[in-house]
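Comments concern the structure below.
Please treat every number below as a calculation from the coordinates, not as lab data. Keep in mind that what you see is a predicted model, and the values were worked out from it rather than measured. We place every Cβ from the backbone using ideal geometry, glycine too, and count neighbours over all the protein chains shown.
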Amino acid sequence: MKIGFIGLGHMGNPMCRNLLKHGHTLKVSDLVPELVKKLTDLGCEAASSPADCARGVQLVITMLPSSPHVRSVYAGDNGVLKGVAPNIPLIDSSTIDPHTSREVAWLAQAQGNVLVDAPVSGGVGGAEAGTLTFMVGGEARDFEAVKAVLSCMGKNIVHCGASGNGQVAKICNNLMLAIEMIATAEGMSLAVKLGMDPRVFAGIVNTSSGRCWSSDTYNPYPGVLENVPSSRHYTGGFGSDLMLKDLTLVTDAAKSARQPVMLGAIAQQLYQKHSVDGHGGLDFSSIILQYLRT
């Protein structure tokens, strides 16, 4: 299959490479020429714009930073919808707000194209290994139509329901993850401050009711686990600014739904302070630094 792929950053580049490994040919586009060159060196065709990237292909995939980027890339003057032929399926793997996702899907549908939202979980490591989880929103028949392509880049492809529900699943999952990480950071920091050895306390938690992924797999306290960001000064992993972005999407979506997310709002403010303090580029488990330095 010939696929147009727009957005070639930390996630998009390895996703493209996995598509190439599965025999697909790619036409690629990004605002950064160096990112395009990395893939043209592997045999991909360079496109001059999103519209050009969508011409003459059998499917289009986008992996973009935020809602305004998605709206512009699809609906702008040189956007995907200006170049794509009718009946060509579109997949947006960006993490954005559900409202924008549904709005762009409606615009695509109006001119004869299906757009499914398929945000991912698994980070850069998952993108490189081809083990991403895709949370897909759209009609069941459209999910089945794109599942094989998504399987080239991930191992867990989940249909979440109607258009926009992939985004709902992604941001609500990350809401829970952020709250759990903050709770783990608070509990670990307090236990150590009160005299506990962090490894001993983590062992107790992980065989007790406080156990969660943030405590047993991704513990934020330095020295408790090997091969996690807290063991390498919080480098690598999922950036704090990315978590802040997702929490902001959550709180905005909650406002539009008139649904309280009180702990989510607190988590968003904590990560905002963390970013202002200069830690936005560190892994999101570095939120514990808000407690260790006090």
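In whole Hz, what ³J(HN,Hα) sequence does segment 6-13 give by Karplus (6.51, -1.76, 1.60; θ = phi - 60°), x for Gly and Pro?
The phi angles translate into 10, x, 10, x, 4, 8, x, 4 Hz.
Once amide H atoms are built 1.01 Å from N in the peptide plane, which residues 5 or more positions from THR95, or in another chain, come under 5 Å H to H?
Correct list: LEU64.
Could you derive backbone 3J(HN,Hα) for segment 166-181 from the dihedral phi with the Karplus parameters 6.51, -1.76 and 1.60 (θ = phi - 60°), listing whole Hz in sequence and x where the residue is Gly or Pro?
So the Karplus estimates, Gly and Pro as x, are x, 5, 4, 4, 5, 6, 6, 4, 6, 4, 5, 4, 4, 5, 5, 5 Hz.
Under 10 Å from the Cβ of ALA75, count the other residues' Cβ atoms, weight Lys and Arg +1, Asp and Glu -1, and hand me the total.
Every neighbour counted, the sum reads 0.
Select from LEU292, VAL57, VAL192 the residue farthest towards the positive end of the dipole of the chain; place +1 on Cβ of Lys and Arg, -1 on Cβ of Asp and Glu, and compute about the Cα centre.
Of the listed residues, the answer is VAL57.
Taking the Cα of GLN109, stepping 7 Å toward and past its beta carbon, and measuring to each backbone N in segment 116-137: which are under 18 Å?
116-119, 136-137
Which value, in debye to the nearest 20, describes the size of the charge dipole of segment 2-162 about its Cα centre when Lys and Arg Cβ atoms bear +1, Asp and Glu Cβ atoms bear -1, and nothing else is charged?
In debye, rounded to 20, segment 2-162 gives about 320.
What angle, in degrees between 0 and 90 and rounded to the nearest 10, separates the Cα long axis of helix 240-257 from the longest principal axis of the Cα atoms of the chain?
Once rounded, one gets 80 degrees.
To the nearest 0.05, what FRET efficiency results for LYS2 and VAL32 with a Förster distance of 22 Å applied to their C-beta separation?
Efficiency for this residue pair is about 0.45.
For segment 168-292, give the magnitude of the charge dipole about the Cα centre (Cβ charges: +1 Lys/Arg, -1 Asp/Glu; no others), in debye to the nearest 20.
220
Using a Förster distance of 25 angstrom, determine the FRET efficiency expected from the C-beta separation of ALA75 and LYS21, and round it to 0.05.
0.20
What residue among PRO222, TYR234, SER94 has its Cα farthest toward the positive end of the dipole of the chain, where the charges are +1 on Lys, Arg and -1 on Asp, Glu, each on the Cβ?
It is SER94.
How far is helix 140-151 tilted, in degrees, relative to the longest principal axis of the Cα atoms in the chain, given as a value from 0 to 90 rounded to the nearest 10?
It works out to around 70 degrees.
Hey, how many Å between the Cα centroid of segment 81-151 and the Cα centroid of segment 177-220?
Using only Cα atoms, the two centres lie 36 Å from each other.
How far is the Cα center of segment 1-61 from the Cα center of segment 240-294, in Å?
Distance between centres, Cα-based: 32 Å.
Between LYS155 and ASN227, what length comes free when the chain is fully extended (0.36 nm per residue of separation minus the Cα-Cα distance, one decimal in nm)?
Roughly 23.7 nm would be gained on extension.
Can you list residues whose amide H is under 5 Å from ILE61's amide H, if they're 5+ apart or on another chain and H is modeled 1.01 Å from N?
Here GLY4, PHE5, ILE6, ILE91 satisfy the definition.
Once phi is turned into ³J(HN,Hα) by the Karplus curve 6.51 cos²θ - 1.76 cosθ + 1.60 with θ = phi - 60°, what whole-Hz value does each residue of segment 73-87 show in order, with x for glycine and proline?
5, 8, 10, x, 4, 10, x, 3, 5, 7, x, 6, 7, x, 6
Local charge sum around GLU128 (other residues, Cβ-Cβ under 15 Å, Lys/Arg +1, Asp/Glu -1)?
Summing Lys/Arg as +1 and Asp/Glu as -1 gives +4.
Gain in length, ALA145 to VAL200, computed as 0.36 nm per residue apart minus the alpha-carbon separation, to one decimal in nm?
14.8 nm
Going toward the positive end of the dipole of the chain, with +1 on Lys and Arg Cβ and -1 on Asp and Glu Cβ, which of LEU19, GLY79, SER163 do you reach last?
The listed residue farthest towards the positive side: LEU19.
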